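Note sheet for the following structure.
None of the figures in this text is laboratory data; all of them are computed from the coordinates on show. Everything numeric here is computed off the predicted structure, so don't read it as measured data. Here the Cβ is made from the backbone with ideal geometry for all residues, glycine too, and neighbour counts use every protein chain on show.
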């Protein structure tokens with residue numbers, strides 16, 4: 001029975017408290033806790049305590065993290081990027097197992113203990129990338145919970161056999177079924193979504209659909225998605241990633257869609273891109289639609305940007321939505337902590353007894369300062385184990 | 001005669017070279033340079049070499065950098081922020097000398113050797129904040145060139161006596177005359193701009209005008225500014241900060257304004273805010289209008305965001321303009337290096353013989369990687385002197 005007492009930390013900036021960790025869970029949280037014999041003790045020194053951070057949308061399988069710099073000369077259309085990547089991965093022998101593990105470890109060093117990643121499934125690679133990320137999920141299991149989305153990056157309808165591969169991916173162990181722009185990529189939204197929902201229904205798995213489509217087109221696709229979510233009783237099991245269209249629509253139209261999403265428990269995942277329209281964060285929350293944050297791709301052939309630091313993502317959310325007041329910045333943090341965990345159904349999450357002991361200590365006076373300054377993680381505890389100090393993973397605590 | 005040889009660095013990512021520094025200037029740059037007797041030698045180890053970074057628009061005098069966290073509960077209108085700040089500074093005894101020095105030092109540690117800062121001038125504080133920043137400018141003189149803009153943060157017309165104070169500020173040593181939203185803040189654009197240009201004409205100083213006004217209102221003010229720039233022969237002496245309106249206008253209208261700006265040598269300074277319209281960067285450059293980058297405020301009562309790291313600002317410019325290709329990201333870096341220095345008339349700038357030896361070494365394969373990864377500055381040389389290593393200032397090289 002492993003025990004750890006962390007003394008004198010400020011949970012979310014509140015009054016100082018101690019945290020007792022036992023068997024991977026928070027056993028107690030309060031002032032002046034007692035350390036039993038044999039209990040390891042860490043001095044928190046008044047650091048701010050956050051729960052493990054949550055990455056809601058990334059692509060571990062396609063990252064070039066730690067590899068030589070990739071000279072990006074790719075065209076600007078979505079289809080240029082898709083085709084370029086598929087060809088690059090085929091030609092370069094890019095290793096999804098090694099790369100996803102490298103990035104997952106980088107996330108852990110910076111305090112991310114729960115993570116949803118979309119893995120490319122296509123007729124060229126088959127389930128190869130999935131196999132790599134499944135390996136990483138197994139390797140990290142005790143420390144970092146990874147949800148895998150089987151994602152048809154090259155479209156569902158364009159390449160016959162893709163639907164079957166997605167179905168196999170779920171059978172093989174992917175947690176969630178992914179979708180992509182039923183109008184703009186698949187060109188046949190009804191047939192595309194029917195095929196997608198049919199797999200989800202058969203496998204009883206949740207859905208996470210990339211919806212980049214802007215304005216009226218995106219709203220049209222969203223309407224079709226919501227109709228199927230209701231018809232198949234998939235309340236609480238559908239996530240929309242990006243949802244740029246919600247940032248384009250007139251207020252009334254947007255609010256009507258948000259009301260339907262709230263009623264169906266459909267959540268929104270945003271990377272808060274500075275160069276695109278984004279769903280209206282505060283209006284979403286007022287309407288009862290949970291918004292969570294994610295990087296999207298990190299250092300890959302699509303984009304050189306992104307970082308495995310979810311405090312940086314919270315800062316970018318803050319900047320995108322012009323959140324300047326402390327209470328607003330706490331909303332940005334919520335997108336990469338509680339809102340993320342709740343809507344992606346990560347269990348036993350939080351800073352309370354019985355929660356999994358996923359803890360992050362930073363030198364910051366307030367939650368807002370933690371988001372804005374993104375201090376080096378002084379200590380990261382994952383599943384009850386100390387895994388990183390001062391931003392660096394402990395080699396003996398983390399699998400390679 | 002001080003000499004320094006830096007061996008094996010890659011200027012802007014090019015082939016490895018050595019840099020010889022003599023009497024504060026770059027004496028030579030090329031392969032296998034010879035170190036004379038008594039010359040200090042630094043091993044660059046193949047690091048990427050950048051010229052000193054350029055901050056084109058910040059507010060050193062109002063920062064809370066290094067102070068206790070400021071709980072921001074301020075209203076969202078521009079006038080709320082202006083009034084809150086003036087009252088806070090009056091009540092708290094906020095020290096512009098100490099604070100501007102703290103932030104200037106933080107900029108230097110991260111490789112910024114040229115900097116333009118706007119200093120609040122108003123009838124309540126008089127020239128108090130200016131005196132503080134003048135002190136910092138003197139202190140940093142050998143290492144960091146600071147241009148001071150005398151800035152009417154509370155408006156020029158609303159508080160009688162402000163124009164006289166601005167005039168005195170220039171006489172006292174401010175380098176540039178600042179302006180602010182002649183419609184939205186002053187409410188009388190013709191009288192406001194006439195008063196402003198009259199001071200500039202009398203003092204023969206350049207202008208840098210904050211123009212937050214959106215759409216047609218901003219375009220109207222800009223038109224008045226350009227007309228006065230032409231009439232007074234102030235070609236090459238006017239900068240527009242923010243210029244959000246240029247991001248709102250129909251393409252034709254925008255291009256007509258850009259053509260006039262280019263002909264008059266009027267430059268644009270952007271912080272590339274993710275939550276506002278921004279001038280179209282690439283269209284500006286095509287039209288011959290120089291765009292440079294700046295933080296705007298850093299950690300002050302207006303905003304908790306911002307960072308004295310101009311590579312981070314370049315990254316935010318890259319994100320705002322969706323610059324993903326390597327050649328595009330080089331444009332983002334240009335905004336905080338050459339374009340900044342050229343348009344603000346910082347002299348002897350660059351990586352060439354006779355330029356001031358302001359050098360930044362980072363571990364990155366390419367310029368794009370330096371922008372995206374923002375590595376710790378391995379070495380910073382300012383005015384020929386080594387001032388920082390691994391992100392930390394050398395205590396004996398930098399005044400306190």
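Things to note:
- Inter-copy spacing of residue B:227 label points, which lie 7 Å from Cα along Cα→Cβ, given in nm from shortest upward: 5.6
- Taking the DSSP beta bridges with both ends in chain B, the antiparallel portion is around 40 percent.
- Peptide A:70-79 shows a mean partner chain C-beta count of 3 within 10 Å per residue C-beta.
- Ranked packing of A:65-72, B:14-21, B:126-133, most packed first, by mean Cβ within 10 Å: B:126-133, B:14-21, A:65-72
- Between 0 and 90 degrees, the angle of helix A:78-92 with respect to the longest Cα principal axis of chain A falls at about 70 degrees.
- Across the identical copies, how the residue B:142 labels are spaced - nm, sorted shortest first, 7 Å along Cα→Cβ: 5.6
- Shielding score for A:268-274, defined as the mean number of other chain Cβ atoms within 10 Å: 3
- Annotation: extensible slack from residue B:191 through residue B:232 equals 13.2 nm (criterion: 0.36 nm per residue apart, minus Cα-Cα distance).
- Compared with the direct C-alpha span, the chain from residue B:135 to residue B:283 gains 49.3 nm at full extension, assuming 0.36 nm per residue.
- For chain A, the relative contact order works out to 20 percent when only alpha carbon pairs closer than 8 Å and six or more residues apart are counted.
- Value of D in µm² per second that Stokes-Einstein yields for segment B:306-354, Kirkwood Rh from Cα pairs, at 4 °C (1.567 mPa s): 112 µm²/s
- Highest-MSF residue in chain B out of B:95, B:186, B:327 [GNM, Cα springs under 10 Å]: B:327
- Global form of segment A:53-343, assessed from the alpha-carbon gyration tensor, a/c cut-off 1.5: rounded
- Top of B:26, B:329, B:82 by mean-square fluctuation, Gaussian network on chain B, Cα under 10 Å: B:82
- With respect to the axis relating copies A and B by rotation, the chain A residue whose beta carbon is closest, plus that distance in Å, is A:274, 2.
- Residue of B:257, B:292, B:49 that the Gaussian network model of chain B assigns the largest fluctuation, springs spanning Cα pairs under 10 Å: B:257
- Residue separation of residue A:392 and residue A:263 scaled by 0.36 nm, minus their Cα-Cα distance, works out to 42.2 nm of gained length.
- Computed FRET value (nearest 0.05) for residue B:203 with residue B:28, which takes r as the C-beta separation and R₀ as 25 Å: 0.05
- Over chain B: helical MRE at 222 nm, DSSP H runs n ≥ 4 each giving -39500 (n - 2.57), nearest 500: -11000 deg cm²/dmol
- Our summary gives segment B:246-400 a relative contact order of 15 percent, counting only alpha carbon pairs under 8 angstrom and 6 or more residues apart.
- Degrees, to the nearest 10: B:215-231 long Cα axis against longest axis of chain B: 80 degrees
- Each label point was placed 7 Å from the Cα along the Cα-to-Cβ direction; for residue A:124 and residue A:251 their separation is 4.6 nm.
- Between the Cα long axis of helix A:251-264 and the first principal axis of chain A there is an angle of about 70°, rounded to the nearest 10.
- Between this copy and the others, label points of residue A:92 are 4.6 nm apart in ascending order, each placed 7 angstrom from Cα in the Cβ direction.
- Gyration tensor verdict on segment B:344-400 (Cα atoms; rounded if a/c is under 1.5, prolate if a/b is larger than b/c, oblate otherwise): oblate
- Residues of segment B:38-58 falling in the label zone of residue B:14, defined by backbone nitrogen less than 19 Å from a point 7 Å along Cα to beta-carbon, are B:44-53.
- For the peptide B:319-327, the mean number of other protein chain Cβ atoms found within 10 angstrom of a residue's Cβ is 6.
- Taking every DSSP bridge with both residues inside the protein assembly as shown, close to 40 percent are antiparallel.
- Calculated FRET efficiency for the pair residue B:400/residue B:37, C-beta based, R₀ 45 Å, to 0.05: 0.85
- For segment A:237-290: rounded, prolate or oblate by the Cα gyration tensor [a/c cutoff 1.5]: oblate
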